[in-house]
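Notes to accompany the following structure.
The values are calculated or read from the model by the stated rules, or taken from the named source; none is laboratory data. Since the model is a prediction, treat every value here as computed from it, not as a measurement. As a convention, Cβ positions derive from the backbone with ideal geometry for all residues, glycine included, and neighbour counts pool all protein chains shown. The protein model used for the area step is the full one, side chains on, heavy atoms only, and it has no ligands, DNA or RNA in it. Shrake-Rupley method; radii C 1.70, N 1.55, O 1.52, S 1.80 Å.
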Amino acid sequence: MPLSIAREAPKLWRKICTEASAEVSLLSENWKFLLAGLVFQYVHGLAAHGVHYLHRPGPTLQDAGFFLIPEIGQGNAYMSESIFNFIFFSFILWTFHPFFFQSKRIYTVLIWCRVLAYLVGCQILRIITFYATQLPGPNYHCREGSKYARLPPPESALEVILINFPTGMLYGCGDLIFSSHMIFTLVFVLTYQKFGTRRCIKQLAWLFAIIQSLLIIASRKHYTVDIVVAWYTVNLLVFFVDKKFPELPDRSSASTSPPLLPLNNKDKDTKNKEEHNKILNGNSVDVTY
């Protein structure tokens, strides 16, 4: 076994280096879009923290989901977070699989350009919505009597800029319509639905998305309308973005089936150079955002 690992390690390292070379070429062309998408994640967090200053606790609104789905209690609020974290980190790992596996359909840089485009579009709509109308938060820490329900005016600009981290991230109120957790979950599930290859994982991902939706309502983190609006808004926006931007290159035809005979070093180098040149001269031009 140790001998086998020792033989495979150089092959894996060459695979990682070859893929990294291709991805760096794409990154040099698309870094501005990735950076803008990442910066907007902070802008979205800043906007969500800002609306907390406007939040006024009040009676929980009448909600069909609250009537139909039993409340699981504050102690079980971790359940929806656990599913979200599993989906979140599983998706991130999947986007980097081209560095390690022969079978691959995506480029990591390009898939994240597309994912961030989905997220930014949804988050812009979300910011407009929760600033347009502030609802009394149904979450336990947003109810009357909680010390987090109302935020005093900020003592300094630094407090706002830093989003009162980490308390501001954990105990936010007012950013309800529509659910940010469901934006990320549905964007990740829809992306894998289109670019993933395992049917069973696709079905499992949709099941997790449904379970998470129900658990968010059961833990009273959001009203049902926040979840419903997220489901149709994210799907519609992803559809629009896919129509607006060109299709991402599909690598499966070239990489899904390994060669029948092992390649010698010269053949391997030729194959790697051909794939690298294809990215630089062909696909990368078509998919630049």
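Residues are listed down the side, and each one gets a yes or a no for (1) without any contact (Cβ under 8 Å) to a residue 40 or more places away in the chain; (2) under 30 Å from Phe89 (Cα atoms); (3) touching a His at 6+ places or on another chain (Cβ under 8 Å); (4) open to solvent by less than 80 Å² (accessible area, probe 1.4 Å):
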{"residue": "Pro154", "(1), (2), (3), (4)": "no, no, no, yes"}
{"residue": "Ala157", "(1), (2), (3), (4)": "yes, no, no, yes"}
{"residue": "Val160", "(1), (2), (3), (4)": "no, yes, yes, yes"}
{"residue": "Ser180", "(1), (2), (3), (4)": "no, yes, yes, yes"}
{"residue": "Phe188", "(1), (2), (3), (4)": "no, yes, no, yes"}
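Which of (1) in contact with a helix residue (DSSP H, G or I) (Cβ under 6 Å, 6 or more places away or on another chain); (2) without any contact (Cβ under 8 Å) to a residue 60 or more places away in the chain does Ile72 not meet, given it meets every other one?
Every listed condition holds for Ile72 apart from (2).
Across the range 200-254, which residue is nearest to Ser80 (Cα to Cα) among those that are of a type in the set (Phe, Trp, Tyr) and part of a loop (DSSP other than H, G, I, E, B)?
Out of the qualifying residues, it is Tyr223.
May I ask you to say which residue of Thr133, Thr95 is surrounded by fewer than 17 Cβ atoms within 10 Å (Cβ to Cβ) and either at pLDDT 90 or above or among the aromatic types (Phe, Trp, Tyr) (or both)?
None of the others qualify; the one that does is Thr133.
Just to be sure, is Glu19 open to solvent by 60 Å² or more (accessible area, probe 1.4 Å) and either out of contact with any Cys (no Cβ under 7 Å at 6 or more places or on another chain) or at pLDDT 95 or above (or both)?
no
Among the residues of the range 67-87, are any at pLDDT below 90 and assigned to a helix (DSSP H, G or I)?
Looking through the range 67-87, at least one residue is at pLDDT below 90 and assigned to a helix (DSSP H, G or I).
Of all residues in the range 209-231, which are open to solvent by 50 Å² or more (accessible area, probe 1.4 Å) and over 13 Å from Ile177 (Cβ atoms)?
Ile210, Ile211, Leu214
Among the listed residues Phe66, Phe101, Phe88, Phe84, identify the single one that is over 19 Å from the mean Cα position of the chain (by Cα) and open to solvent by less than 70 Å² (accessible area, probe 1.4 Å).
Phe66
With respect to Val120, determine if the residue is surrounded by fewer than 13 Cβ atoms within 10 Å (Cβ to Cβ), in a helix (DSSP H, G or I) and either at negative phi or hydrophobic (A, V, I, L, M, F, W, C) (or both).
Judged against the criteria, Val120 is not a match.
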